[in-house]
2 protein chains.
Amino acid sequence: MEPERQDEGGAATGTLGKAIAVLETVALADRPMRFTDVLAVSGQPRGTLHRQLSHLVQEGLLELRPDHSYTPGLRLLKLASASWARNEFRAVAAPFLEALHRETGETVHLGVLRGREIIYLDKVESRQAVRMNSQIGNASPVYCTGVGKAALSVLDAAALNAILSGLEFRRFTPQTLADRASLLAELSEIRASGIAFDREEHEPGIRCVAAPVFDAGRALFAGVSVTGPAYRVGQEQLDGWAPRVSHAARAITAELAARLGPQR
Amino acid sequence: MEPERQDEGGAATGTLGKAIAVLETVALADRPMRFTDVLAVSGQPRGTLHRQLSHLVQEGLLELRPDHSYTPGLRLLKLASASWARNEFRAVAAPFLEALHRETGETVHLGVLRGREIIYLDKVESRQAVRMNSQIGNASPVYCTGVGKAALSVLDAAALNAILSGLEFRRFTPQTLADRASLLAELSEIRASGIAFDREEHEPGIRCVAAPVFDAGRALFAGVSVTGPAYRVGQEQLDGWAPRVSHAARAITAELAARLGPQR
DNA sequence: GACATAAATTCCATTATTTGGAACTGAGTT
DNA sequence: AACTCAGTTCCAAATAATGGAATTTATGTC
């Protein structure tokens, strides 16, 4: 057995960590799971898992339906609601994302740099509020997403270096920038133009334009993007959207400085 | 010390329960809390609390900022997104709530009966997506809210009796129905009309019209409401909205039966 | 800049909780 | 009636949490 993980963080969180892993398994599943379903993926002994699920149910984080399937509980929804409403960065950016979506008609993302990955914080997809899609909270590589490259482009040399060293490149598509030199070259172009593209570098058939959003004082490096399918969105279209994306990104950056900057 | 709680559920959830209590304290606070702030409300020893917070941070449920304040973490946002998107009942009702809001211009609520309380599941307030307000997940008394009385009105005698026995009435305003007899009388009127009002019975200056939503097969009893301030919304206005509210409630109820009913 | 004060963090023997294999229950099937 | 499978309960052993006190680190004051 592996006694330690090499990842950042380090120490084990004991009981809580296992319980949250179970919670996440159930909450992120695309359909209600029954006891045996959870047992199969959790890799824990029956007795242990049963007690963990019982505790989660008692706490209101999960709900046990009459048919013995587990679903997210109302208390989780409450925490959900609160953490969503109180994420300042997301809240500041939201109206700009909406505007960008109205202007382009395509999917708009807000992603933030976290270690060596991009985590999606918000997404605006359809005009009707189909908010909080499951994409939110998910991680993607920095080096082959528009938002990722945009965020990298505004890092200082030291921080960039810290991320690049130890970054493992994987070729997702033929277009993926799969080595340090290509990425660095691309980043200096992005620094010059203020715009990053994803030309089917992560997923075949998916393109995007992105621009950086940041608040250096808070070590916040992020990006906004407009994404579309390649069959409908050509390079000219991306170029056409670039000014709007850039404008939105600068507006959010300015708003961050104004709203969060002059505190205490 | 009290060895047991008389509340439903019973057994203690040990470590997890305490950790979640801490998580909730921080996540529901209206501003970032520092260690001492949490210590003051948690009532736990320093060492214990510190380890709990550390674990929550390591799990990504909380985030520790450079200024030593704790805020909800990205993993909580991820769980948020998922549990929000996957709550079937909320998702089924959402478009009808939107429509009701467009028709009335006032705040629309969706609340569900949980034990002896109403828990708010969704809320549509402004046209711009200010969704997931902090009200969501909060509990209110059944006997003095429109949604609560609407939900009670569709319960069968046994279930209603189980809730009423042991219900403690509190007079929030001069209009509050603060005893069983008044409430029962009101409920039979609601049963006859299919419409419940809150005439400043819970909060002074706040009125609403509500109608019941239910899926008896799943023991789901809920309600939708349109709420407004008394200075702007008179009884005539509530009466005027009543048909629309009632229509929305029946539409949701029907949709539930169609979407959730014929499963397995 | 040095000092005083408060806040945050670490330590570790004690204590309580989790662990997990196995036995039990009950519903559905052959 | 015997069999299977999902879910639940049990309890001695192993493990993780506890919490008071000491230590380090931040913050404010003169």
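Annotations
- Candidates B:R65, B:R86, B:R75, filtered to the one that is within 16 Å of DNA strand C (Cβ to nearest atom), out of contact with any Phe, Trp or Tyr (no Cβ under 9 Å at 6 or more places or on another chain), within 11 Å of another protein chain (Cβ to nearest Cβ) and within 27 Å of A:E117 (Cβ to Cβ): B:R65
- Count of segment A:152-167 residues which are in a helix (DSSP H, G or I) and closer than 16 Å to A:A185 by Cβ: 6
- Criterion: away from every other protein chain (no Cβ under 12 Å), in a helix (DSSP H, G or I) and at pLDDT 90 or above - qualifying residue of B:L39, B:L56: B:L39
- Criterion violated by A:Y143 - all others in (1) part of a loop (DSSP other than H, G, I, E, B); (2) surrounded by fewer than 24 Cβ atoms within 10 Å (Cβ to Cβ) satisfied: (2)
- Test: B:G148 is assigned by TED's automatic domain parsing to the domain that holds B:L238 and surrounded by 17 or more Cβ atoms within 10 Å (Cβ to Cβ): yes
- Considering (1) within 16 Å of DNA strand D (Cβ to nearest atom); (2) at pLDDT below 95, the lone condition that B:V124 does not fulfil carries the number (1).
- Note on segment B:51-86: among residues that are more than 16 Å from DNA strand D (Cβ to nearest atom) and of a type in the set (D, E, K, R), the one that is surrounded by the fewest Cβ atoms within 10 Å (Cβ to Cβ) is B:E63.
- Number of the exception - B:A91 against (1) more than 10 Å from every other protein chain (Cβ to nearest Cβ); (2) not in a strand (DSSP E or B): (1)
The values are calculated or read from the model by the stated rules, or taken from the named source; none is laboratory data. A quick note: this is a predicted structure, and the numbers were derived from the prediction, not measured. Neighbour counts are summed over all protein chains in view; Cβ atoms, including those assigned to glycine, are modelled from backbone coordinates with ideal geometry.
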